[in-house]
Amino acid sequence: MLTRRIPPSIAVLLAVILFGLAGCGGGGGGGAALTSSGSGALSTDTGAATTTVVARQVAAGNGASVTFTLAADWTSGFGADIVISNPTASPIKNWRLAFDFAPRITSIWDGDIVSQSGVSYVIAGKFYNRDIPAGGSVKFGFNGSPGGITAGPTKYVLNGVPLAGGPSPTPTPTPTPTPVATPTPTPSTGGSVKIVYQETGDWGHGFGGQITITNEGASAIEPWTLAFDFPVNIDPIWSAKIATHVGNRYVVTPESWTSRIAPGASVSFGFNGSPGNNDGPSAFAFTPGTTVDPSPSPTPTPTPTPTPTPQTNPTPVEPVGNATVKGWPGHLAMGAITNLEAGQSAAFANRPVDAIFKYSGAGGNGDPGQILYPLWTHNTVELAKSITKANGRRVVPVMVTYTADMSGGTSATDFAAPNVGMHFVNLANDARVLQSFASAEHPYGGSIVLNPDLLGMVQQQKLYGGQGAPFDLKTMVIPVNASLAHAVTFMTANFSYTDSQGNQYSGTTADIGRQLVGRHGLWTAYEMWNAAAKKWYVDCVSNPRPAIQVPKFSDDFKGWIQATNWIIKAFGPQVTFGWQENLWAPGTSTWVHRGSGEAHVRSAASDLVASMLGSLNVYGGAYKPDFIVFDRYEMDDTAAISWGAVFSSTNWDNVLTFQAQVSAALGNVPVMMWQIPGGHLQVVNDVDQRTSNASTAPVYFFGDANLRPDLSNLKPYLLAITLGNPYVFLDGAATGSIPKFLTQNGYDPTKDNGKIAQAARGNVFAILWGGGNTTSVGPFPADDGGWLSGKIKKYFENPHPLGK
């Protein structure tokens, strides 16, 4: 059974007006125009001119100007932009702008609040706009409260240099640029290696980095050790291991797939760390292991750089258990689907959860061939904020996003232009909006579930290197790098737009979106932005000009996977994500019924799936996902009996074993159980009045004291069901009843059998209940009378802790 998506509805369209946009207070609305001379004095102009406050100062022979624009003011709050211009012939590196401003900044984009003390703020750039090019400018925006703004910020200080009207503090040293290490001689190899460090992202309290080692000698190096000084905490690291960490000194050794560096080739490893705004590692010391002479050849040529991939047949590893994911609670979390209809906030206020999820876009399938304003993501974030406030516990917004859709069958259309680039844009916008939910108290904004059913279909239908498939993703050329250039240009370049009333807008596509919302309201802005996006993207294709550095990837399926990972890391550095995988990926899911135990599950499913994921390097490379996602058929059990959807405790044990084994093979990656059917085994006089939509998962995880041990008090419609193939009965019978099937092996459904703890031992960090056709915690898509929410409320009284 393939995952189902939620179709858009009129109720959903109306709901966007109810919930509003996160961070959309800025706009192009009219209002008082504030202007400032170099002295900082302000005057008011009631005309329709642009609202600006300008401070300008020439320091050390270099000019710099700061322009404050009040974009919208709605009494209780306001939206504003600040532009820092550099008219000189030299770039301004790692800018930091300090100023005093009495109103409170409540949200910020394209910049980070490094510090705040009273009315004094220090703002730093993101990794993509932290340098102001010669003759160029950067812009960041923010919302704040209260409104009624009559004066802009004062006492501007840029990189320690006060601007006009500001104080004269002791200049703060300008941060030095990230160093790039020079080649380090390696005499024992008969040549040298070059070590290059690249910062891949910086979000203030944390950062991402990558180190590349290039063998410039004539002999292969295998293995190697690299030591360096770095006064930060590195966690996690991928494609390498930290051997020792004493003080500021790190010693790193390779993984098996990065151990050998052929002549002329390179290997890379990546990591995240804290704090950010650092100067990078120093004092590199490279030690080669055994050197291997290349095989004689009439015309020796350097070996091309291999794609780093984990072993395709990993050695079985035991799961570490109790895995955690940044931004998620410290206990095994519970989540639910939402459709954003009116009343969802009130419904969840009485049915608390740790997370909500929603399919992204208007069609829920990645919207191929379209670029759409990220309306659904904005509103999911807003709903998460509302439920967080109502429940007093943080709710993580989770978006389900497709960059290639095979939930409806095999198709290669998403791997051709312009769909590739347009999908990249939609994903980048999802990441950017989720990033806006991050705060000082909760530094991670949300999560993304990537491409349901895609990897399952690739394996099941043998679409990668298989025979007889309609296409072969192994040999298919995918325009990865060109599409990335187009998408990143769309996200970072400046554009202009004139609406039907003659109002003009300019800035990045996100800036224009905020301005349109401020002037025209949400739904009209959505339509206008979508129409303009088509023209903007055509311009990006004809004139690609990404404003940030874009890595090079291979123009194939593996490169497309890594590029998809990078998009999220680049535009949502504090957004976690994982790829979805299916029980039926090995060809069928009947293995769930046809045996039990670790050996059976490993040979029938786990090794096959782990091998596939390893060979595609989905969880390797510099932009590794944070978790892996598994679902069950997205229907309640009794709605899909013929597909084998009624799961016994043994079947669910097999699922947990499968997830744990795949997780361990990938390096103990955390597991999200997603779209788990939330219906329960209904009894006579149940709070659930339905005579449909029964499932076993909630009873498996929580138990139900309302059941009799022999299940004889199930509702009559359940007792009347007969199960045949593919169900397996231990007494050899070909058919049997639901009570007979579920109580085999002496399973007692009336009590808590410790299955939450068992899931946590297999690295499960979250269970997200429901789907478009499956009972969930809230009233959508069908109400169970509050049965599941009651179980979760009880669970929250003593939730299972993780990370211990």
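Taking the numbered list (1) touching a residue at least 12 places away in the same chain (Cβ under 8 Å); (2) farther than 23 Å from GLY208 by Cα in turn, SER642 passes all entries but (1). Considering only region 358-375, I want to know if a residue exists there that is closer than 27 Å to ARG632 by Cα, open to solvent by 10 Å² or more (accessible area, probe 1.4 Å) and in contact with a Lys or Arg (Cβ under 9 Å, 6 or more places away or on another chain). Yes.
Rundown of residues vs (1) hydrophobic (A, V, I, L, M, F, W, C); (2) closer than 19 Å to GLY366 by Cβ; (3) open to solvent by less than 20 Å² (accessible area, probe 1.4 Å), yes/no style:
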position: PRO479; (1), (2), (3): no, yes, no
position: SER500; (1), (2), (3): no, no, no
position: LEU516; (1), (2), (3): yes, no, yes
position: GLU527; (1), (2), (3): no, no, no
position: ASP539; (1), (2), (3): no, no, no
position: ALA563; (1), (2), (3): yes, yes, yes
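Just so you know, in region 213-253 the residues that are surrounded by fewer than 16 Cβ atoms within 10 Å (Cβ to Cβ) and hydroxyl-bearing (Ser, Thr, Tyr) include one that is farthest from ASP112 (Cα to Cα), and it is THR225.
Of all residue pairs spaced 6 or more apart or on separate chains, those with beta-carbon atoms under 9 Å, a first member in region 710-735 that is more than 15 Å from ALA645 (Cα to Cα) and among the small types (Gly, Ala, Ser) and a second member that is open to solvent by 40 Å² or more (accessible area, probe 1.4 Å) and at pLDDT below 95 are ALA734/ASN725. Annotation: of all residues in region 399-415 being over 8 Å from ASN365 (Cα atoms), of a type in the set (Ser, Thr, Tyr) and part of a loop (DSSP other than H, G, I, E, B), the one that is modelled with the highest pLDDT is THR403.
With a requirement of 3 or more residues that are touching a residue at least 60 places away in the same chain (Cβ under 8 Å) and on the phi < 0 side of the Ramachandran plot, the strands (runs of 3 or more DSSP E) lying completely within region 223-273 that satisfy it span 224-229.
Taking the numbered list (1) free of Cβ contacts under 8 Å to residues at least 40 places away in the same chain; (2) open to solvent by less than 10 Å² (accessible area, probe 1.4 Å); (3) more than 22 Å from ILE641 (Cβ to Cβ) in turn, VAL671 passes all entries but (1).
Residues in region 416-447 that are under 14 Å from ILE568 (Cβ atoms), of a type in the set (A, V, I, L, M, F, W, C) and part of a loop (DSSP other than H, G, I, E, B): ALA438 alone.
Rundown of residues vs (1) closer than 21 Å to ASP110 by Cβ; (2) free of Cβ contacts under 8 Å to residues at least 40 places away in the same chain; (3) not aliphatic (A, V, I, L, M), yes/no style:
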residue	(1), (2), (3)
ASN503	no, no, yes
ASP556	no, no, yes
THR564	no, no, yes
ILE568	yes, no, no
PHE571	yes, no, yes
TRP579	no, no, yes
PRO586	no, no, yes
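Has region 745-763 got at least one residue that is without any contact (Cβ under 8 Å) to a residue 40 or more places away in the chain, within 41 Å of the chain's Cα centre (by Cα) and closer than 30 Å to LEU666 by Cβ? For region 745-763, residues without any contact (Cβ under 8 Å) to a residue 40 or more places away in the chain, within 41 Å of the chain's Cα centre (by Cα) and closer than 30 Å to LEU666 by Cβ: present. Tallying residues that are of a type in the set (Phe, Trp, Tyr) and within 20 Å of LEU719 (Cα to Cα) within region 634-675 yields 2.
A residue that is open to solvent by less than 10 Å² (accessible area, probe 1.4 Å), out of contact with any Gly (no Cβ under 6 Å at 6 or more places or on another chain), within 18 Å of LEU450 (Cα to Cα) and in a helix (DSSP H, G or I) can be found somewhere in region 380-389.
Residues checked against (1) buried (at least 23 other Cβ atoms within 10 Å of the Cβ); (2) at pLDDT 95 or above:
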| residue | (1), (2) |
| --- | --- |
| ASP748 | no, no |
| ILE756 | no, yes |
| ALA759 | yes, yes |
| GLY772 | no, no |
| ALA782 | no, no |
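Residues that are on the phi > 0 side of the Ramachandran plot and over 13 Å from the mean Cα position of the chain (by Cα) within region 446-466 comprise ASP453, LYS462, GLY465, listed in sequence order. As for region 339-353, it holds no residue that is surrounded by 24 or more Cβ atoms within 10 Å (Cβ to Cβ), more than 17 Å from the chain's Cα centre (by Cα), closer than 30 Å to GLY466 by Cα and in contact (Cβ under 8 Å) with a residue 12 or more places away in the chain. Counted as qualifying within region 464-568 are the helices (runs of 4 or more DSSP H) with 3 or more residues that are over 15 Å from VAL425 (Cα atoms), namely 509-520, 522-542. Residues that are open to solvent by 30 Å² or more (accessible area, probe 1.4 Å), modelled with pLDDT of 90 or more, aromatic (Phe, Trp, Tyr) and within 21 Å of the chain's Cα centre (by Cα) occur at least once in region 433-445. Among the residues making up region 108-161, those that are small (Gly, Ala, Ser), buried (at least 19 other Cβ atoms within 10 Å of the Cβ) and outside any loop (DSSP other than H, G, I, E, B) are ALA124, GLY141, GLY144. Restricting attention to region 784-794, the residues that are crowded, with 24+ Cβ neighbours inside 10 Å and either free of Cβ contacts under 8 Å to residues at least 24 places away in the same chain or in a loop (DSSP other than H, G, I, E, B) (or both) add up to 1. Screening ASN429 on (1) without any contact (Cβ under 8 Å) to a residue 24 or more places away in the chain; (2) open to solvent by less than 10 Å² (accessible area, probe 1.4 Å) shows it passes everything except condition (1).
Candidates in region 676-716 are the residues that are β-branched (Val, Ile, Thr) and outside any helix (DSSP H, G or I); of these, the one that is surrounded by the fewest Cβ atoms within 10 Å (Cβ to Cβ) is VAL684. If the condition is being of a type in the set (D, E, K, R) and closer than 20 Å to ASP631 by Cβ, then region 431-489 contributes only ASP453.
For the criterion of being in a strand (DSSP E or B) and either closer than 30 Å to VAL157 by Cα or at pLDDT below 65 (or both), THR200 passes. The set of residues in region 407-426 being hydrophobic (A, V, I, L, M, F, W, C), more than 15 Å from the chain's Cα centre (by Cα) and open to solvent by less than 10 Å² (accessible area, probe 1.4 Å) consists of PHE415, VAL420. Exactly one residue among HIS245, HIS205 is closer than 27 Å to PRO573 by Cα and modelled with pLDDT under 80, and that residue is HIS205.
Restricting attention to region 580-635, the residues being polar (S, T, N, Q), assigned to a helix (DSSP H, G or I) and surrounded by fewer than 21 Cβ atoms within 10 Å (Cβ to Cβ) number 4.
Among residues of region 256-284 being more than 26 Å from the chain's Cα centre (by Cα) and under 30 Å from VAL122 (Cβ atoms), the one that is surrounded by the most Cβ atoms within 10 Å (Cβ to Cβ) is PRO281.
The values are calculated or read from the model by the stated rules, or taken from the named source; none is laboratory data. Since we're looking at a predicted model, the values are computed, not measured. Glycine also receives a Cβ, built like all others from the backbone with ideal geometry; neighbour counts cover every protein chain displayed. For accessibility, only protein heavy atoms count, side chains too; no ligands or nucleic acids. Shrake-Rupley method; radii C 1.70, N 1.55, O 1.52, S 1.80 Å.
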